[in-house]
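Novice: Here it is, the structure, as structure tokens.
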Number of protein chains: 2
Amino acid sequence: MKIEAVDFFYLSMPEVTTEADGSQDALLVRVAAGGHIGWGECEASPLVSIASFVCPMSHGVCRPVGASVLGQSIDVPQDIARIAAEVAYNSMDLLQAAHTFSGVEMALWDLLGKVRGEPVWRLLGYNASYKKTPYASQLFGDTPHETYQGAVRARKDGFRAVKFGWGPIGRGRIEDDAEHFQAAREGLGSDGILLVDVGQIWGEDVEAAAARLPALEAAGAVWLEEPFHASALEAYGELSRRSGTVKIAGGEGAHNISMARHLIDYGGVGFIQIDCGRIGGIGPAKKVADYAAARNVTFVNHTFTSHLALSASLQPYAGLADHKICEFPFAPKPVAHAFTANILQRDSNGEIAAPDAPGLGIDIDRQGIRKYLVDVEIKVSGRTLYATPEPA
Amino acid sequence: MKIEAVDFFYLSMPEVTTEADGSQDALLVRVAAGGHIGWGECEASPLVSIASFVCPMSHGVCRPVGASVLGQSIDVPQDIARIAAEVAYNSMDLLQAAHTFSGVEMALWDLLGKVRGEPVWRLLGYNASYKKTPYASQLFGDTPHETYQGAVRARKDGFRAVKFGWGPIGRGRIEDDAEHFQAAREGLGSDGILLVDVGQIWGEDVEAAAARLPALEAAGAVWLEEPFHASALEAYGELSRRSGTVKIAGGEGAHNISMARHLIDYGGVGFIQIDCGRIGGIGPAKKVADYAAARNVTFVNHTFTSHLALSASLQPYAGLADHKICEFPFAPKPVAHAFTANILQRDSNGEIAAPDAPGLGIDIDRQGIRKYLVDVEIKVSGRTLYATPEPA
């Protein structure tokens, strides 16, 4: 089959706010080859990712992503890796390329799985898709009481694991942060799994992070996520050596395999969190899962958006029975649910699994696309390089 | 002063080819504050970098670069670092942001220098701008004889140091590569400084790189540049431990300080090459220069484009007398010279220095801008987010 077309759909809530909620917009990718269709989703800025697919070439290794994708043949999984390598080389000076290609790569797996009637995890070499324990991902409240209420709500909704993120943590006194951690624990109950995400708040300041460790340990937090800049390997390494029972988690910012490997090897993380919509897709995420599993590091997906992205993010570690925890978009904005016709349902134990269905196992709702579709036009030298396509 | 406007000018040769020549287009940035003007230049894809300045916000930490720049106050150098930190945090999920902000940051230094009547290197804390030995940066020939001729031409043109890059190296037999290295040495003469750049050709394949070390050593090459992917720290580290008299060089792909630091600490490079148009501008590059100097690693600029970019790239290490070598665009495309009214002239010894003139010391030629200006329009939801501005 030849890749005949790659179409991007920029969807957005009518109003986007400054809250740290990545489900406010989406960039959906449709790939067509040999009369078949596959769907994927890029994380982060839709307009910029579209631009890096269609931009004019700057020179031999700053080519648009499209130049290395369109017209390629795709028949076996190895073709996806070959195309990925071409993108990496031909677009080495185009920083945004990894984010753009991530959604394309997912769509290629989805397409190949549909053609073969196999779930993607099977194409990756797994024999089973093991159940995962989803954690409800939500923001800390403005007050400890709000955090408490969030925890109670999540438990009532059947979640045993909850992750609280961002909000006031790291912006005020250590004692105030401790109250939030305790409130979360109280709301969760003693058997709940508590995870804490601070969204790079401390930059490279190891002491500021370490000062919160006793309170995190007292609240029984399993991990402290993204204390530092995605690239601050030295800070990660130092905190990991001091963090005791609280493991350090990170990796969502990884836009290539090396970055994830370095967080494991130099940063000493106990949990490596990979967003398939950023790292270059499902193939590189699978390589990270293999690397982590061989080193006693737990692989976790990073997903804050749709169930298309969720299914994609589960594939790389679907077959790793011991890597049990998974991020689950708890309260995404309506746009994130609008464009899929089905979602991953939790079973009676509150668990989910990568679907046992061809491709990613997620159907697309074209009416939902239409409802949130953003009209974009990019013209260079009088030529239209991109205009929002028809979803039908 | 308040930052009132930031304008981007996308310039390009009428035809862009797949050769590894980064001077085929340019993204010029003009910043206006308090009635003053500063100029800077971003490296790599102009369209994508423009998009990341004007794109709609996706969420709180995926904001357009413009949101953290426009309206900011700029009076002292510390303001530039403050704005840079805001961009890094507010756009942490926008991969292209570092490339975009790099040109803006340069322009802020240029503006501040002009306001104070001081060269940027003085604002950075240096007391002198030391002479540098420029190397003529050119591509390997298709044949060893062409490589030889290139070396002869560069020497005739007064260059003692020459860097050959890309071309056939690493694509064929080791013996063929060795012939190119020897031809370069013959053309340069025994006292010439020979530098070799292979543009990431070996990915992470340490053995393929190591197999060329004897020939490089025999030809007296000072450095082997970018043998691997920008992020392949392990491969860099292993090759560095085996490279003997040939030092490993790299760093042009660094889009933050951490990446450069890791190439030094984990990758063991002997030369760290920083492109101010990618790493976030002059401020972060100066921090890398300090870090390198303290560790006996030599700082080198990476510049393949205009003399505005060249002046900017010299500032971070202008005051480091021992860091003597510098990249000099030997045969850039006409667009790279068209938009500056002056260039950095080599003196009678063939040396250059960061100008002793306010700001970056480079004047802009608006007629030159006009000649190569690319017409761009970006519309989202019916609103024009970007239209090519008037250079006058």
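Novice: Kindly indicate the residue of the stretch B:229-247 that is of a type outside the set (A, V, I, L, M), open to solvent by less than 40 Å² (accessible area, probe 1.4 Å) and away from chain A (no Cβ under 14 Å) and also nearest to B:Ser45 (Cα to Cα) among those meeting that condition.
Specialist: B:Ser240
Novice: Would you point out the residue of the stretch A:89-144, among those that are of a type in the set (A, V, I, L, M) and within 14 Å of chain B (Cβ to nearest Cβ), that is nearest to A:Leu194 (Cα to Cα)?
Specialist: Here the answer is A:Leu139.
Novice: Would you please name the residue that is nearest to A:Ala249 (Cα to Cα), looking only at residues in the stretch A:201-226 that are touching a Gly at 6+ places or on another chain (Cβ under 8 Å) and assigned to a loop (DSSP other than H, G, I, E, B)?
Specialist: Going through the qualifying residues, I end up with A:Glu226.
Novice: Given the conditions (1) within 30 Å of B:Arg278 (Cα to Cα); (2) aliphatic (A, V, I, L, M); (3) away from chain B (no Cβ under 14 Å), and given that A:Ala154 satisfies all but one, which numbered condition is not satisfied?
Specialist: (1)
Novice: Could you grab the pairs with beta carbons closer than 8 Å, sequence gap of 6+ or different chains, first residue in the stretch A:38-59 and more than 7 Å from chain B (Cβ to nearest Cβ) and within 11 Å of A:Ile378 (Cα to Cα), second one outside any strand (DSSP E or B) and β-branched (Val, Ile, Thr)?
Specialist: Once the first residue is more than 7 Å from chain B (Cβ to nearest Cβ) and within 11 Å of A:Ile378 (Cα to Cα) and sits in the stretch A:38-59, its partners that are outside any strand (DSSP E or B) and β-branched (Val, Ile, Thr) give A:Ile50/A:Thr100.
Novice: A further question on this structure: Select from the stretch B:283-317 the residues that are among the aromatic types (Phe, Trp, Tyr) and either in contact (Cβ under 8 Å) with a residue 60 or more places away in the chain or in contact with a Cys (Cβ under 7 Å, 6 or more places away or on another chain) (or both) and list them in ascending order.
Specialist: Listed by number, the list holds a single entry, B:Phe304.
Novice: Please count how many residues of the stretch A:292-329 are of a type in the set (Asp, Glu) and on the phi > 0 side of the Ramachandran plot.
Specialist: The qualifying residues number 0.
Novice: Using the structure shown, decide if B:Phe304 is within 28 Å of B:Val206 (Cβ to Cβ), out of contact with any Phe, Trp or Tyr (no Cβ under 7 Å at 6 or more places or on another chain) and surrounded by 20 or more Cβ atoms within 10 Å (Cβ to Cβ).
Specialist: Taking the combined requirement at face value, the residue satisfies it.
Novice: Open to solvent by less than 10 Å² (accessible area, probe 1.4 Å) and within 26 Å of A:Val87 (Cβ to Cβ): which single residue out of B:Gly281, B:Gly250 fits that description?
Specialist: Every option except B:Gly250 fails the conditions.
Novice: A follow-up question, please. Looking at the stretch B:246-263, which of its residues are touching a Leu at 6+ places or on another chain (Cβ under 9 Å) and among the polar types (S, T, N, Q)?
Specialist: Within the stretch B:246-263, B:Ser258 is the sole residue that qualifies.
Novice: Could you tell me which residue of the stretch A:13-37 is surrounded by the most Cβ atoms within 10 Å (Cβ to Cβ), considering only residues that are touching a residue at least 60 places away in the same chain (Cβ under 8 Å) and within 7 Å of chain B (Cβ to nearest Cβ)?
Specialist: Restricting to residues being touching a residue at least 60 places away in the same chain (Cβ under 8 Å) and within 7 Å of chain B (Cβ to nearest Cβ), the top hit is A:Gly22.
Novice: Consider the stretch B:372-392. How many of its residues are closer than 28 Å to B:Gly113 by Cα and within 14 Å of chain A (Cβ to nearest Cβ)?
Specialist: Final tally of qualifying residues: 3.
Novice: Of all residues being within 14 Å of chain A (Cβ to nearest Cβ) and in contact with a Ser or Thr (Cβ under 8 Å, 6 or more places away or on another chain) in the stretch B:72-88, which is surrounded by the most Cβ atoms within 10 Å (Cβ to Cβ)? Just the residue, please.
Specialist: Here the answer is B:Val87.
Novice: Could you check the stretch B:170-200 and list, in sequence order, the residues that are among the small types (Gly, Ala, Ser), away from every other protein chain (no Cβ under 14 Å) and either within 20 Å of B:Gln273 (Cβ to Cβ) or open to solvent by 20 Å² or more (accessible area, probe 1.4 Å) (or both)?
Specialist: Within the stretch B:170-200, B:Gly172, B:Ala178, B:Ala184, B:Gly189, B:Ser190, B:Gly192 qualify.
Novice: So, one more: Quick one: would you say B:Ala209 is of a type outside the set (S, T, N, Q) and over 19 Å from A:His262 (Cα atoms)?
Specialist: Against the criterion (of a type outside the set (S, T, N, Q) and over 19 Å from A:His262 (Cα atoms)), B:Ala209 qualifies.
Table: residues versus (1) buried (at least 22 other Cβ atoms within 10 Å of the Cβ); (2) over 14 Å from the mean Cα position of the chain (by Cα).
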site: B:Arg295; (1), (2): no, yes
site: B:His323; (1), (2): yes, yes
site: B:Cys326; (1), (2): yes, no
site: B:Ala331; (1), (2): no, yes
site: B:Gly361; (1), (2): yes, yes
site: B:Asp365; (1), (2): no, yes
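Novice: Still on this structure: Would you call B:Leu320 in contact with a Phe, Trp or Tyr (Cβ under 8 Å, 6 or more places away or on another chain) and touching a residue at least 60 places away in the same chain (Cβ under 8 Å)?
Specialist: So B:Leu320 fits the description; yes.
Novice: Which of the residues spanning the stretch A:201-228 are more than 13 Å from chain B (Cβ to nearest Cβ), out of contact with any Ser or Thr (no Cβ under 9 Å at 6 or more places or on another chain), open to solvent by 30 Å² or more (accessible area, probe 1.4 Å) and of a type in the set (Asp, Glu)?
Specialist: Once the filter is applied, which keeps residues that are more than 13 Å from chain B (Cβ to nearest Cβ), out of contact with any Ser or Thr (no Cβ under 9 Å at 6 or more places or on another chain), open to solvent by 30 Å² or more (accessible area, probe 1.4 Å) and of a type in the set (Asp, Glu), the stretch A:201-228 yields only A:Glu207.
Novice: Then there is this: Which one of these is of a type outside the set (Val, Ile, Thr) and more than 14 Å from chain B (Cβ to nearest Cβ): A:Lys324, A:Lys287?
Specialist: Being of a type outside the set (Val, Ile, Thr) and more than 14 Å from chain B (Cβ to nearest Cβ) holds for just one of A:Lys324, A:Lys287, which is A:Lys324.
Novice: For A:Gly253, are the conditions met, namely being without any contact (Cβ under 8 Å) to a residue 60 or more places away in the chain and more than 24 Å from A:Tyr130 (Cα to Cα)?
Specialist: Answer is yes for this residue.
The values are calculated or read from the model by the stated rules, or taken from the named source; none is laboratory data. Note that this is a predicted model, so its numbers are computed, not measured. In this analysis, Cβ positions are derived from the backbone assuming ideal geometry, glycine residues included, and neighbour counts consider all displayed protein chains. Only protein heavy atoms, including side chains, enter the accessible area calculation; ligands, DNA and RNA are left aside. Shrake-Rupley method; radii C 1.70, N 1.55, O 1.52, S 1.80 Å.
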